[in-house]
Amino acid sequence: MDGGLKLVGNAAAPAQGRDAAARTSLEDAFNGYRLFFGRHPASVEEITAATGCTLGEFLGLYLMRKEFLNGVVANLTGTAVLPHVVLAPAPDEALRHWALDRLPLSAAARERLATSRSWRFWLLTILRDDGFRAGLPAAVADWLAGCGLEGRLAALELAPTRRLIGELSHSGAGTVSGWCANASDFSERIVLELTLGGRFIGAARCDRFVPGLGERIGSGGEHGFSFDIPTAHADLAARGAMLRVCDAQSKAPFGSDLYVKSNLPAALDELGHMLAAIQSVKETLASLERQLPHALRNVSPPLSAYGSLKAQGLLACHRPPAGQAVPAAAADLTVNLILWTGALAPAPLRRMLASLDAQSHGRWMVTVLADDNGSDDGLGDEARALLRPLEDAGRLVVAAPAALPRLLAGHPALAAAGGHLLVGRAGILRPDALAAFLGALEPGTAGRATVAYSDHDVALAGRGGKAAQLFPVFKPDFDPVMLLAYDYLGPIAMVAADALLKAFAVADGVPPSGMHDLMLRLADCAAPGGIRHIASVLYGLEQAVDLRDPAGLPRLLTGDPAAVEAWAGRRGLELRARRTQLVSEDGEAGQTLVEACEIEFPAAELPPVSVIVPTRNSPVLLRNCLDSLLRTRQAYGGPLQILVIDHENEDPDSVGLIAAMRAQRGVDVMPYRGPFNWALMNNLAAAQASGEVLVFLNDDAMAADPRWLARAVATLRLPEVGVVGGRLLYGDGSIQHAGVVTSQEQGAVHDGRGMRGDEGGYLGRNLVLRSAAAVTGACMVTHRAVFERVNGFDPTWPVDWNDIVYCLAVRHTGRRVVYDPRVCLYHLESKTRGYLLGQPGYDTYRNDLRRITAEWKEIIGDPFHNAAFNRMGAPFTRFLL
C-alpha cells in the first residue's frame, strides 16, 4: 500500500506519557518522516497527510508504504546505507525524547534506545519490540506479518556501540583521503570533522567506493572519502600545520594527527583563475539584467517573477490606484490604526512603525487592543518600548477590545478620525497606503464605502540566509462566500467608524474573536457595494519558511471555523466548519499553503429535484451517467426525478437503453425533434420537470460521489445563491472545470483546467467554496424560481455560450453563482475536443465574443478575477505588464 493511508476502527495501544488516541500533530509528522524514512517531508502535502490522525493511522501511514519496505527495510536487512545517515550521522536528543514519549514501546526497548546512537540499532529495536508490535492496529500488524518483515528482522543482531576502523593520508597537494567504517554496522556512513592548526576546516562523509576494501573488511567497500583543503585555509597549509580528524558523532580523534604543508603560490594562482571566471559570469548576468525590462514588456511572466518585477517597478499593481486620491476635504482627517494582539510582535511592529513615518498622509495615530495580562496595559516590554514615543507624542491609546465602541464615541481624537485601519498582523505599508485607504472610503460611483481592503504580498523568507521569495496575494472584489473560507480581506483593512460600531454590536457587544470574525460581522452590516477592493498592493508581510519546523509552513491565508459557525448562527443556518490545509504548487514559484474553513451541512429536509440529461446516440456515456444518477437518487434522501431528453436517438443501443430505463428504473423521457438547440431543449424539459431545484447535466458526466447532489442543494440554500456548479474532472482525474472566468478579451475560460484534481491552485481557489462569474452547463444546479425569473436559457444561443449567458442573467438579478469543489463529478469530455476548426471556426468565435460583449458589457468583466493577471493566459497564472 502507499499514499495517504487511513485505518479506521483499529486503535493503537496507549503510549506511555501521552494519549495514543489523541490526534497527531505537526511535530509527530516531522519526527515520523525522520525516524521511519530518514528524511524530512518533501512537501506540505506530505506533512498535512500525517497530521490529524490517530496513532494507529499515523504508524500505518509510514510502515505500509513502499518507500519504507523497499528503501529502508531492504537496506536494514542488507549492507546498503540507510537514507537516515544522509540526513544526520545519528538520532538527536529531540527525536529520541519524541520516540520514547510517543511510540508504544516496552520498558526494555526504552532502556536500549536510551543508550544507543545508531540509526540501524534504533530501527531494529523498535520494529522487533513486542510492545511496539502489540500497539499496532490489526490491519498494520497483519500486513507486516504477511510481507515477511518480521522474519527478515529476527535473524539480525547488532551491537549498540560503535567501533571505528580505517586509514587516512595526506597527498602533499592539499588533499586528505582515506576510509572509515563502523565495524559494528557497516551500513552506517561515518562523518569526519577536520581541523587544521586548531581551526575547523570542514567535514567529509565516508561514502566513496574503495577498490578491494570490501574483501578486506567484509562489507560493500563504500567507506572512502577525499577532502580538498579549502583555499580559505591555504595560509595554514603553506606554513605547515597539524591536521586532526575526529568522528563527528562522538568527537573522538580518528587516526593519528598528520603534518600538512602545501604550495601556497600555486593555490593562489588557481584561485585567480576562478575569480576571473566568476567576474566574467557576473558581467554576463549584469548585461542580461539590463535587457530584462525590455524583454518582459513583450511577455507575460509567471508568479515566480513577481519579486524581480516589483523591484523594477514594472507591475501596475504597485502604482497608485486610479481614481482613489484623497480629496482635499479629507486631507486633514486622521487615520486611526487599530492594532490587534497579533500585530504586536516586536520585529514586524518596528518595521510597520517605520513605514508609518514615511506615509504621504502624515495624520495618523495608533490604538492598541491589548487584553490585560497582569501588567498595566497588557503589552510586552519590547512592544511597549516601541510604542512609547507615540505615547509621549499623544498619538497612542491602549484599551481592552471590549472598550473600543465607547472610545470611538467618546475619545475626542478617535471620534474625529476619518477612518480606522484594522491591523491584525503588522506589515510594511507602502508610502501612499494611508492615502489610498482613506480615499477608498469617499463616495464613488457605487455610493459610500464603509470597508476598504487591498491586495498585499508576503515575503516567504527561507532559512539559512536564503533570499526571501515574494508571493503576491491578489484578491477578488468582495465575495461573501469566499470570506467563509478564509479572511482574504485582511489582515489590514480600512473601516468607517459607523461600520465598526455596528460590527461590535452584532453579538450584543461581545468583541470579535479575531480578524476573521470581525470581517464576517462587517460583511453582515455593510450595504451593497459598501465593501470596496483596492486593486493595488498597499502593504507587505514577512513570514519565515522552514518545512522542518511546524511553525515554518508558508501559510498565506487562514480561516477561523468558530467565526464561520457564529456567522451561520446569526443567519439562522446550520453548518459546521473545520480547518483544512490546501496546498498550491507552482513549478517555478514552489508550494504555498492556505488553511481554509471547510463547511459541512447537517442533514436536512431536501426539496424535490429534477435532473435533466439531454442525449443523442451515446449509449455508453448515457449508461454511465444514468447508473451514477440512480445511485445518487438512492443517496439523496428526497424526491428525485431523472428526466432524459431523447434527441432523435437512432442508435439501437441508445433506444433500448432509454426504453429500459423508463420501464424498469422510473426514468422519465421527453422526446425532442429538430436541430440541436441546447438552450431550447432544456427549457422545454424544465417546463415538464417537477422539481423545485433543476439540475442540468450532460450525458458524459458521471458522479464521483452519490452525495454530490445533497451537497449542491445545501450550498444552493446559502444566502443570495442562485446557481451552483461543481468541480468537474477529466477521466484521468485532472480538472476540466473549477468555475468559469469571464472577460471581454476571451469571453469565457474554465478555471483550473489541466491541473491535478487535488491541486489547490492560486490561493487554494480550486478547492475553496466561492463565487464565480459563471459555471458550465455540463453540471448546473439552480432554483426553479430563479430559472423562471430570467426566462431560462436564451434559445438564440443554441450551441455555445448559453450557460454563460444564463449565469450572467442570474447575477444581473442580484443572485450569486457559486462554485463548490465538494460537488465533484467526472466530465468525460476529451481534453483535445475541438468544436470549431480553421478560419470559419475562429470567425464564429470572434463574432460570438463581440455579441456577448455588446449584450453584457457591464457584467461580463469578472469581479472575482484580478486586474494584475493577464486575461489572455490561463486564469491566475501570468502577470499583466
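The values are calculated or read from the model by the stated rules, or taken from the named source; none is laboratory data. Quantities reported herein were computed from a predicted structural model and do not represent experimental measurements. Here the Cβ is made from the backbone with ideal geometry for all residues, glycine too, and neighbour counts use every protein chain on show.
Quick look at the values:
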read-out	value
Selected residue [touching a Ser or Thr at 6+ places or on another chain (Cβ under 9 Å) and not in a strand (DSSP E or B)] from 414, 489, 483	414
Tally, over the stretch 686-717, of residues that are surrounded by 22 or more Cβ atoms within 10 Å (Cβ to Cβ) and over 28 Å from residue 603 (Cα atoms)	1
Any chance residue 112 is of a type in the set (D, E, K, R), surrounded by 21 or more Cβ atoms within 10 Å (Cβ to Cβ) and in contact (Cβ under 8 Å) with a residue 40 or more places away in the chain	no
Residue that is surrounded by fewer than 18 Cβ atoms within 10 Å (Cβ to Cβ), small (Gly, Ala, Ser), at pLDDT below 85 and not assigned by TED's automatic domain parsing to the domain that holds residue 102, where the choices are 71, 17	17
Residues (under 18 Å from residue 476 (Cα atoms) and either surrounded by fewer than 17 Cβ atoms within 10 Å (Cβ to Cβ) or in the same structural domain as residue 807 (by TED's automatic domain parsing) (or both)) located in the stretch 842-860	858, 859
Residue in the stretch 742-762 that is within 26 Å of the chain's Cα centre (by Cα) and in a helix (DSSP H, G or I) present	yes
Residue within the stretch 198-210 that is surrounded by fewer than 21 Cβ atoms within 10 Å (Cβ to Cβ), in the same structural domain as residue 258 (by TED's automatic domain parsing) and more than 28 Å from residue 241 (Cα to Cα) present	yes
Restricting the stretch 526-539 to residues that are farther than 21 Å from residue 343 by Cα and β-branched (Val, Ile, Thr), the residue that is surrounded by the fewest Cβ atoms within 10 Å (Cβ to Cβ)	534
Whichever residue in the stretch 21-36 is of a type in the set (A, V, I, L, M) and surrounded by 20 or more Cβ atoms within 10 Å (Cβ to Cβ) and, among such residues, is modelled with the highest pLDDT	35
Neighbours by Cβ (under 6 Å, 6+ apart or cross-chain): first from the stretch 540-562, surrounded by fewer than 19 Cβ atoms within 10 Å (Cβ to Cβ); second of a type in the set (Val, Ile, Thr)	543/458; 552/545
Candidate set from the stretch 313-328 (those that are in contact with a strand residue (DSSP E or B) (Cβ under 7 Å, 6 or more places away or on another chain) and at pLDDT below 75); member that is nearest to residue 440 (Cα to Cα)	324
Hits in the stretch 211-263 - residues which are of a type outside the set (A, V, I, L, M), in a strand (DSSP E or B) and surrounded by fewer than 16 Cβ atoms within 10 Å (Cβ to Cβ)	226, 228, 253, 259
Checklist (1) in contact (Cβ under 8 Å) with a residue 24 or more places away in the chain; (2) among the charged types (D, E, K, R); (3) not in a strand (DSSP E or B) applied to residue 788, failing item	(1)
Residue 610 being touching a Gly at 6+ places or on another chain (Cβ under 9 Å), hydroxyl-bearing (Ser, Thr, Tyr) and crowded, with 21+ Cβ neighbours inside 10 Å	yes
Unique residue being within 25 Å of residue 415 (Cβ to Cβ), touching a strand residue (DSSP E or B) at 6+ places or on another chain (Cβ under 6 Å) and among the hydrophobic types (A, V, I, L, M, F, W, C) when the list is 495, 506	495
Index of the failed condition, residue 97 passing every other in (1) of a type outside the set (Phe, Trp, Tyr); (2) modelled with pLDDT of 85 or more; (3) within 33 Å of the chain's Cα centre (by Cα); (4) closer than 20 Å to residue 187 by Cβ	(4)
Among residues of the stretch 606-642, those that are assigned to a helix (DSSP H, G or I), over 16 Å from residue 828 (Cα atoms) and of a type in the set (S, T, N, Q), counted	2
Residue 39 vs. criteria buried (at least 18 other Cβ atoms within 10 Å of the Cβ) and not polar (S, T, N, Q)	no
Subset tally (residues that are β-branched (Val, Ile, Thr) and at pLDDT below 85) for the stretch 176-202	2
Where residue 757 falls short, out of the listed (1) crowded, with 20+ Cβ neighbours inside 10 Å; (2) at pLDDT 95 or above; (3) over 27 Å from residue 854 (Cα atoms)	(2)
Residue within the stretch 183-195 that is basic (Lys, Arg) and closer than 28 Å to residue 121 by Cα present	yes
Among the residues listed as 431, 389, the single one being surrounded by fewer than 18 Cβ atoms within 10 Å (Cβ to Cβ), in a loop (DSSP other than H, G, I, E, B) and at pLDDT 90 or above	431
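For every residue, the table says whether it meets (1) closer than 20 Å to residue 316 by Cβ; (2) free of Cβ contacts under 8 Å to residues at least 12 places away in the same chain; (3) in the same structural domain as residue 353 (by TED's automatic domain parsing); (4) part of a strand (DSSP E or B).
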| site | (1), (2), (3), (4) |
| --- | --- |
| 454 | yes, no, yes, yes |
| 460 | no, no, yes, yes |
| 479 | no, no, yes, no |
| 499 | no, no, yes, no |
| 534 | yes, no, yes, yes |
